[in-house]
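Heads up, the thing below is written out as structure tokens.
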Amino acid sequence: MDEKIRQRAEVWTRPPYDEATREAVLKMMKENPEECADAFYRDLEFGTGGLRGVLGVGTNRMNQYVVALATQGFANYLQKQCRAEGLEKQVAVSYDCRNGSSQFALTTAKVFAANGFKVYLFTAMRPTPVLSFAVRYYHCCGGVMVTASHNPKEYNGYKAYGSDGGQLVSPHDKNVMAEVAAITSLAQVRMQGGEDLIRYIDEELDNAYLEKVVALSLDREAVDSKKDMKIVYTPLHGTGMTMVPRALRRWGFDNVVCVPEQMVPDGNFSTVASPNPEERAAMLPAIELAKREKAQLVIATDPDADRVGVAIPDENGEFILLNGNQTGSVLISYLLRKWKEKGRITGKEYIVKTIVTTELLKKMAEKTGVECYDVLTGFKYIAEIIKRFEGQKTFIGGGEESYGYLAGDFVRDKDAVIACCLIAEMAAEAACRHESFIDILCSLYKEYGFYKEALVSVSKKGMEGAAEIKAMMERFRQNPPAELGGEKVVEVRDYRKGFAGLPSSDVLQFFTEKGSKVTVRPSGTEPKIKFYFGLCLPWDAGRSYADQDKAGMDRIEAFKKDLGL
């Protein structure tokens with residue numbers, strides 16, 4: 001083991017670190033030096049979205065000490081913001097179902113309170129969007145959500161929020177990172193005193209949030225006529241169980257069947273390999289229940305309930321999973337159509353999507369007379385646009401291909417509670433017209449072309465993995481593909497150099513002569529490099545959706561081969 005790493009580890013074998021931590025580090029140094037090196041070779045990076053890492057002891061792990069250090073740095077930054085902007089020293093803190101989440105939330109609250117902040121702390125787990133709402137509801141200058149979203153069980157994380165209820169954007173994110181980096185010792189962390197500044201959030205906040213959610217309904221008649229529509233829901237052991245069933249009932253749906261074994265908070269996610277609604281395996285228990293119950297809709301939320309997965313029955317009763325772009329397309333098309341029917345399109349409305357999300361959203365917005373803004377990957381950039389145009393233009397909705405959507409502006413992060421309710425309403429409205437989700441998709445494809453998208457993630461863990469990802473990005477920069485799947489590459493966009501006024505970002509995009517798009521970017525939250533494929537093909541009314549979907553996937557396979565995947 002490198003001597004510098006050994007010295008970093010030895011610090012954790014002495015007070016003020018607790019006895020269990022000290023013993024764990026000593027054991028790791030003796031029995032597993034490679035693991036010890038990975039746990040201490042660096043500090044867990046506080047990135048633009050906060051912290052996310054594997055649970056365990058060490059400077060490169062998620063634990064109460066790393067959380068305390070980060071919180072002190074965040075508190076130092078918010079102290080300055082409060083003085084500069086005349087804000088009250090108030091923060092909101094919430095957490096999900098993951099192992100260690102409640103402890104990390106309490107540690108966060110104690111550090112803020114010791115620094116003189118009034119802290120609104122949730123008494124039980126709640127979804128990320130509810131934390132965003134709480135920041136705005138209580139007029140806080142910031143907030144923290146303890147979560148690792150849909151990462152595997154080994155992970156936990158920490159999302160930092162600004163006074164608008166959105167995650168931090170430039171220059172605030174970089175400024176917070178600098179403050180966190182300046183905290184290098186527990187001696188710099190305030191942990192004692194201020195306990196009387198911690199206020200526990202009660203039912204008042206839940207009710208205020210749910211009232212806002214229900215007010216987003218666009219077709220009460222359809223809901224009333226199909227209120228008995230059977231919906232199967234699973235929270236995948238996460239925070240959605242606290243809000244989604246309640247929201248659906250308030251919306252008017254009386255026949256919501258929950259997957260019982262997954263309505264139990266469980267940081268080990270014992271009934272699924274991964275708590276990610278993007279994966280069919282995670283959805284299988286809900287799908288099997290839906291088949292038995294003859295349900296019309298399956299919805300699943302990830303552990304912090306900001307993402308939603310959807311499954312719908314085909315003509316044979318087999319359930320098809322919609323990908324994030326398809327769900328987003330149907331949702332945005334519904335919002336645009338209903339707003340137009342109600343005469344709410346005045347020329348000052350807009351939607352927002354990320355650069356890796358389907359271009360179909362932009363086409364639909366243009367036809368409706370609504371602006372569409374493209375932003376970098378990350379919902380915080382959608383929230384930034386909402387903040388920029390507050391009082392000038394009206395936000396209809398937005399989304400990203402990674403299963404995150406938002407309607408309304410009282411939350412400033414993706415919101416699976418809102419999305420579940422609108423998806424159920426869409427299903428009800430479609431049933432009134434004797435249509436299915438597939439019918440709606442096909443009608444969109446007939447009008448705009450067949451949009452086929454796919455995501456390939458390549459995992460590269462540890463120190464060597466990070467170097468490999470960096471090398472892959474440089475290789476694509478120095479030698480971009482000349483063609484993909486037989487289509488000539490006609491444009492390369494390097495967002496590290498900036499593009500269209502967007503911030504610099506480690507992202508590459510390749511555009512072909514036929515309008516196809518491939519985006520390459522390292523993940524900001526996981527040890528992965530991601531490849532986003534987007535094709536637009538002619539729609540053939542004489543062929544089935546399944547056949548055309550397979551043809552699109554075959555084209556993507558050709559693209560993957562040319563990229564060496």
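The values are calculated or read from the model by the stated rules, or taken from the named source; none is laboratory data. What you see is a predicted model; the values in this text were computed from it and never measured. Please note: Cβ atoms are built from the backbone with ideal geometry, for glycine as well, and neighbour counts cover all protein chains shown. Ligands, DNA and RNA are excluded from the accessible area calculation, which covers all protein heavy atoms including side chains. Shrake-Rupley method; radii C 1.70, N 1.55, O 1.52, S 1.80 Å.
Report yes if ASN60 is under 16 Å from THR147 (Cα atoms) and assigned to a loop (DSSP other than H, G, I, E, B), otherwise no. Answer is no for this residue.
Filtering region 353-368 for residues that are within 19 Å of the chain's Cα centre (by Cα), assigned to a strand (DSSP E or B) and under 13 Å from GLY328 (Cβ atoms) leaves a non-empty set. Annotation note: Cβ proximity below 7 Å between a residue of region 302-315 that is open to solvent by less than 10 Å² (accessible area, probe 1.4 Å) and a residue that is among the basic types (Lys, Arg) (sequence gap 6+ or interchain) occurs for PRO303/ARG98; ASP306/LYS414.
In region 147-160, the condition of being of a type in the set (Gly, Ala, Ser) and in contact with a Leu (Cβ under 6 Å, 6 or more places away or on another chain) is met by at least one residue. If you go through region 240-281 and keep only what is in contact with a helix residue (DSSP H, G or I) (Cβ under 8 Å, 6 or more places away or on another chain) and open to solvent by less than 10 Å² (accessible area, probe 1.4 Å), you end up with GLY240, MET243, VAL244, ALA247, LEU248, TRP251, PHE253, VAL259, GLN262, GLY267, PRO275, PRO277. Put simply, of PHE122, PHE133 the only residue that is crowded, with 24+ Cβ neighbours inside 10 Å and either of a type in the set (Ser, Thr, Tyr) or over 19 Å from the mean Cα position of the chain (by Cα) (or both) is PHE122. For region 43-57, filtered to residues that are in a loop (DSSP other than H, G, I, E, B) and small (Gly, Ala, Ser), the residue that is farthest from TYR95 (Cα to Cα) is GLY56.
Quick check, is ALA290 under 16 Å from CYS420 (Cβ atoms) and in contact with a helix residue (DSSP H, G or I) (Cβ under 7 Å, 6 or more places away or on another chain)? So ALA290 fails the test. For region 160-188, the set of residues classified as more than 30 Å from ILE385 (Cβ to Cβ) and under 30 Å from the mean Cα position of the chain (by Cα) consists of ALA182, ILE183, THR184, listed by residue number. Of all residues in region 332-350, those that are part of a helix (DSSP H, G or I) and either closer than 21 Å to GLU390 by Cβ or hydrophobic (A, V, I, L, M, F, W, C) (or both) total 4.
Within region 111-125, one or more residues are outside any loop (DSSP other than H, G, I, E, B) and closer than 22 Å to LYS387 by Cβ.
Name every residue in region 1-32 that is outside any helix (DSSP H, G or I) and farther than 22 Å from GLN188 by Cα, in order of residue number. If the condition is that a residue be outside any helix (DSSP H, G or I) and farther than 22 Å from GLN188 by Cα, then MET1, ASP2, ASN32 are the ones that fit. Mind checking whether some residue in region 231-239 is at pLDDT 95 or above and either out of contact with any strand residue (DSSP E or B) (no Cβ under 9 Å at 6 or more places or on another chain) or open to solvent by 10 Å² or more (accessible area, probe 1.4 Å) (or both)? Yes, some residue in region 231-239 is at pLDDT 95 or above and either out of contact with any strand residue (DSSP E or B) (no Cβ under 9 Å at 6 or more places or on another chain) or open to solvent by 10 Å² or more (accessible area, probe 1.4 Å) (or both). Among the residues of region 401-433, the ones that are open to solvent by less than 10 Å² (accessible area, probe 1.4 Å) and acidic (Asp, Glu) come to 3 in all. Of the residues making up region 57-67, none is open to solvent by 60 Å² or more (accessible area, probe 1.4 Å) and either hydroxyl-bearing (Ser, Thr, Tyr) or over 27 Å from LYS174 (Cα atoms) (or both).
Here's the yes/no breakdown for (1) assigned to a loop (DSSP other than H, G, I, E, B); (2) among the β-branched types (Val, Ile, Thr); (3) under 26 Å from VAL54 (Cβ atoms):
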position: PRO152; (1), (2), (3): yes, no, yes
position: LYS159; (1), (2), (3): no, no, yes
position: ASN175; (1), (2), (3): no, no, no
position: THR184; (1), (2), (3): yes, yes, yes
position: ASP196; (1), (2), (3): no, no, no
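When ASN207 is tested against the conditions (1) under 23 Å from the mean Cα position of the chain (by Cα); (2) assigned to a helix (DSSP H, G or I); (3) surrounded by fewer than 14 Cβ atoms within 10 Å (Cβ to Cβ), the lone failure is (1). Give me a count of the residues in region 387-431 that are of a type outside the set (Val, Ile, Thr) and within 22 Å of ASN151 (Cα to Cα). So the answer is 15. Counting only strands (runs of 3 or more DSSP E) that fall entirely inside region 483-565 and contain at least 2 residues that are among the aromatic types (Phe, Trp, Tyr) and either open to solvent by less than 70 Å² (accessible area, probe 1.4 Å) or within 30 Å of PHE46 (Cβ to Cβ) (or both), the qualifying elements are 508-512, 528-537. Can you confirm whether region 143-159 contains a residue that is more than 22 Å from the chain's Cα centre (by Cα) and either on the phi > 0 side of the Ramachandran plot or touching a residue at least 40 places away in the same chain (Cβ under 8 Å) (or both)? No; the residues of region 143-159 include none that is more than 22 Å from the chain's Cα centre (by Cα) and either on the phi > 0 side of the Ramachandran plot or touching a residue at least 40 places away in the same chain (Cβ under 8 Å) (or both). The set of residues in region 316-342 that are open to solvent by 60 Å² or more (accessible area, probe 1.4 Å) and either in contact (Cβ under 8 Å) with a residue 40 or more places away in the chain or not charged (D, E, K, R) (or both) comprises ASN316, LYS342. The residue that is nearest to GLY462 (Cα to Cα), among those in region 140-197 that are in contact with a Pro (Cβ under 8 Å, 6 or more places away or on another chain) and open to solvent by less than 10 Å² (accessible area, probe 1.4 Å), is ALA148. Just one residue in the set GLU349, GLU371 is open to solvent by 10 Å² or more (accessible area, probe 1.4 Å), modelled with pLDDT of 95 or more, closer than 30 Å to LEU535 by Cβ and in contact with a strand residue (DSSP E or B) (Cβ under 6 Å, 6 or more places away or on another chain); that residue is GLU371.
Determine if region 33-42 includes at least one residue that is more than 31 Å from the chain's Cα centre (by Cα) and assigned to a helix (DSSP H, G or I). Yes, region 33-42 contains a residue that is more than 31 Å from the chain's Cα centre (by Cα) and assigned to a helix (DSSP H, G or I).
Within region 39-47, at least one residue is under 18 Å from ARG6 (Cα atoms), in contact (Cβ under 8 Å) with a residue 24 or more places away in the chain and open to solvent by less than 20 Å² (accessible area, probe 1.4 Å).
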